[in-house]
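Here's the structure we're looking at; comments come further down.
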Amino acid sequence: MFKKGFEFSFTWLFALSVGAIIIFLAIYASRGLIKTGTEEYNTKVAAELGVLLNPIGTNLESSKHYSLALPDETRLFNDCSSDGAFGLQKLSVSVRSGIGQEWPKAGIPHKFANKYVFSQHAVQGKELELFVKPFNFPFKVGDLIILYSTPFCFVAPPSDVEREVNFGDGARYINVTTSKENCPRGSVSVCFSGGTGCNITVIMNQDGRSGRVMKQGQPLFYYDALLYGAIVADKETYDCQVARLMKRTAELALLYAAKSELLSSRGCSSGLEGDLRSYAQHLSSNNLPGLIIESETLERDNEKLTCGLF
Amino acid sequence: MRNLHVGFSKGQLKIQQMAFVLVAFIILLGLVAVFFISVKTSSLRKDASSIKHEQAQELVRKLAGTPEFAWTSEDCASCVDLDKIMALKNRTSYRNLWDESITLLQIRRVYPSPGEEIECTNGNYPACTKITLLDKRENYTSEDAFVALCHIEPQAYAKCDLGKIVMGVSSP
């Protein structure tokens, strides 16, 4: 007796194996295309963000607040390198994806040599807050971009800090209160004026312009607008951005020394060339507290000049 | 001697047929992929170029306010310090400060203009019309912004002329 069976011929075997290979290649290619597309989109968002950071610099203003609304929940990665003449600010972006991995790999970073972004290494949110302040040491060195998405609570800050934070529409996500108990739940508390028990403590020097910010037991020395950078940024980012700012200050000091020589040839001597050159040399030490005195001396000397340098 | 005859079975013919179809299918896929990649690349190039130009437009507008250009003696947002820019001309380290896509950075006096264009040097400054800070000698499309060019005269008073900042961005 014969049983009726299915003949599994070579043609079938060949067709099945080729079909499997084609389906595998199609899945592999589409996965690759989605990954490349996501990376391309993330790179484009970072580049567009870079374009947006250009007009937010200050001219004559003392500070500016901005809110940056993003189309989707986004992670912004702030990388800083202090190598080279001015160091580099790198910003890369990862937008939350609905397909595959929730947080895909960040796109290619957008690089700037003339921007200083103070933030945590990764900032996440659909709306990012920017607080822009010029940094003068003693001449204008650049604009500090303070970037955050988590709420802060300033407990009993000095009047000038309170005024700056509330300037215009006020900085969103920064509450000013008189005691820590009034801070909104989930906010990062920042104690001024000798207050204790906060996440961050600011110890101001008597001059009111300099001091140190205590974070997780570590001091971050600040001067002037760097106070906000020290509050918001992590230590690594803060130290790197300060090193970059010192490099730019040194280059600017040499530029002002050259300007002074140019003016001397037209009979308007300042006599500050030597001081500016030695200031530029000392800036490589990155010793902020030690440099403040020198910077303030230069500021006073410049004010006395007929042809002011800066 | 006996002749050897090679015979083809129906199965072998089918396999050959399928192999040809597969080769044709793969060529077709390849053509589609090449077309897709070229469309994607051209759109990416267009996007990159438009972002580059947007960035240059924004940068040239804000350049007058940067510490290297700003006139700080008075409160004037669109005044640039020509003495500082002249000093900047000789500093090579500053080439790294500008974006890589910037191929030309020039400051030109528009009014009063002596007629012919004269590049500023230490010998003829300020009786000249343009200061070239960067010129990579590449193809570029330019963006410009009008500014007041201020400098200190020998009698220690400030004099400002009308000028513009010209920025060239590399064009594909």
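Taking residue B:123, is it away from chain A (no Cβ under 14 Å) and under 27 Å from residue A:305 (Cβ atoms)? So residue B:123 fails the test. Applying a threshold of 8 Å to beta carbon distances and a minimum spacing of six or more residues, or different chains, the list of pairs starting in region A:49-69 at a residue that is outside any helix (DSSP H, G or I) and ending at one that is among the hydroxyl-bearing types (Ser, Thr, Tyr) reads A:56/A:66; A:57/B:66; A:64/A:58. When region B:45-60 is filtered for residues that are at the interface with chain A (Cβ under 7 Å from one of its Cβ atoms) and surrounded by fewer than 21 Cβ atoms within 10 Å (Cβ to Cβ), the ones remaining, listed by number, are B:47, B:51, B:54, B:58. Can you find even one residue in region A:89-96 that is surrounded by 15 or more Cβ atoms within 10 Å (Cβ to Cβ), hydroxyl-bearing (Ser, Thr, Tyr) and within 14 Å of chain B (Cβ to nearest Cβ)? Checked against the condition, which is being surrounded by 15 or more Cβ atoms within 10 Å (Cβ to Cβ), hydroxyl-bearing (Ser, Thr, Tyr) and within 14 Å of chain B (Cβ to nearest Cβ), region A:89-96 yields no hits at all. Confirm whether residue B:38 is more than 10 Å from chain A (Cβ to nearest Cβ) and within 18 Å of residue A:51 (Cβ to Cβ). No; evaluated as a whole, the condition is false for this residue. Taking the conditions (1) farther than 16 Å from residue A:64 by Cβ; (2) free of Cβ contacts under 8 Å to residues at least 60 places away in the same chain; (3) surrounded by fewer than 14 Cβ atoms within 10 Å (Cβ to Cβ) in turn, residue A:163 satisfies each one other than (1).
Among the strands (runs of 3 or more DSSP E) contained in region B:130-172, which hold 1 or more residues that are within 20 Å of residue B:74 (Cα to Cα)? Filter on region B:130-172 gives B:140-152, B:158-170.
What residue, of A:125, A:100, is at pLDDT below 90, among the small types (Gly, Ala, Ser) and over 24 Å from residue A:61 (Cα atoms)?
It is A:100.
Across region A:123-150, the number of residues qualifying as assigned to a strand (DSSP E or B) and in contact with an Asp or Glu (Cβ under 9 Å, 6 or more places away or on another chain) comes to 12. Against the test of being surrounded by fewer than 20 Cβ atoms within 10 Å (Cβ to Cβ), within 14 Å of chain A (Cβ to nearest Cβ) and not polar (S, T, N, Q), the options B:117, B:68, B:74 yield a single qualifying residue, B:74. Checking each residue in region A:278-310 for being within 12 Å of another protein chain (Cβ to nearest Cβ), in a helix (DSSP H, G or I) and among the hydrophobic types (A, V, I, L, M, F, W, C) picks out only A:280.
If you go through region A:140-165 and keep only what is closer than 30 Å to residue A:308 by Cβ and acidic (Asp, Glu), you end up with A:143, A:160, A:164. Any residue in region A:265-277 that is modelled with pLDDT of 95 or more and within 14 Å of chain B (Cβ to nearest Cβ)? Yes - at least one qualifying residue is present in region A:265-277.
Residue-by-condition table, conditions (1) closer than 16 Å to residue A:263 by Cα; (2) under 24 Å from the mean Cα position of the chain (by Cα); (3) assigned to a loop (DSSP other than H, G, I, E, B):
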site	(1), (2), (3)
B:86	yes, yes, no
B:99	no, yes, yes
B:105	no, yes, no
B:109	no, yes, no
B:115	no, no, yes
B:121	yes, no, yes
B:125	yes, no, yes
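Let's see how each residue does on (1) among the basic types (Lys, Arg); (2) touching a strand residue (DSSP E or B) at 6+ places or on another chain (Cβ under 6 Å); (3) within 14 Å of another protein chain (Cβ to nearest Cβ); (4) within 15 Å of residue A:213 (Cβ to Cβ):
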position: A:135; (1), (2), (3), (4): no, yes, yes, no
position: A:141; (1), (2), (3), (4): no, yes, yes, no
position: A:144; (1), (2), (3), (4): no, yes, yes, yes
position: A:152; (1), (2), (3), (4): no, yes, no, yes
position: A:160; (1), (2), (3), (4): no, no, no, no
position: A:167; (1), (2), (3), (4): no, no, no, no
position: A:172; (1), (2), (3), (4): yes, yes, no, no
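For region A:285-305, check the following and say yes or no: at least one residue is farther than 24 Å from residue B:88 by Cβ, hydrophobic (A, V, I, L, M, F, W, C), in contact (Cβ under 8 Å) with a residue 40 or more places away in the chain and surrounded by 19 or more Cβ atoms within 10 Å (Cβ to Cβ). Yes, some residue in region A:285-305 is farther than 24 Å from residue B:88 by Cβ, hydrophobic (A, V, I, L, M, F, W, C), in contact (Cβ under 8 Å) with a residue 40 or more places away in the chain and surrounded by 19 or more Cβ atoms within 10 Å (Cβ to Cβ). Count of region A:70-93 residues, restricted to those that are out of contact with any Pro (no Cβ under 9 Å at 6 or more places or on another chain), assigned to a strand (DSSP E or B) and charged (D, E, K, R), is 3.
Being assigned to a loop (DSSP other than H, G, I, E, B) and surrounded by fewer than 23 Cβ atoms within 10 Å (Cβ to Cβ) is a property that holds for residue A:120. Note on region B:83-114: among residues that are touching a Phe, Trp or Tyr at 6+ places or on another chain (Cβ under 8 Å) and β-branched (Val, Ile, Thr), the one that is farthest from the other protein chains (Cβ to nearest Cβ) is B:110. Here residue B:80 meets the list (1) more than 9 Å from every other protein chain (Cβ to nearest Cβ); (2) surrounded by 17 or more Cβ atoms within 10 Å (Cβ to Cβ); (3) part of a helix (DSSP H, G or I) almost entirely, failing just condition (3). Only a single criterion out of (1) small (Gly, Ala, Ser); (2) loosely packed, with under 13 Cβ neighbours inside 10 Å; (3) within 8 Å of chain A (Cβ to nearest Cβ) is not satisfied by residue B:19, namely (3).
The values are calculated or read from the model by the stated rules, or taken from the named source; none is laboratory data. The model shown is predicted, which means the values in this text are computed figures rather than measured ones. Glycine also receives a Cβ, built like all others from the backbone with ideal geometry; neighbour counts cover every protein chain displayed.
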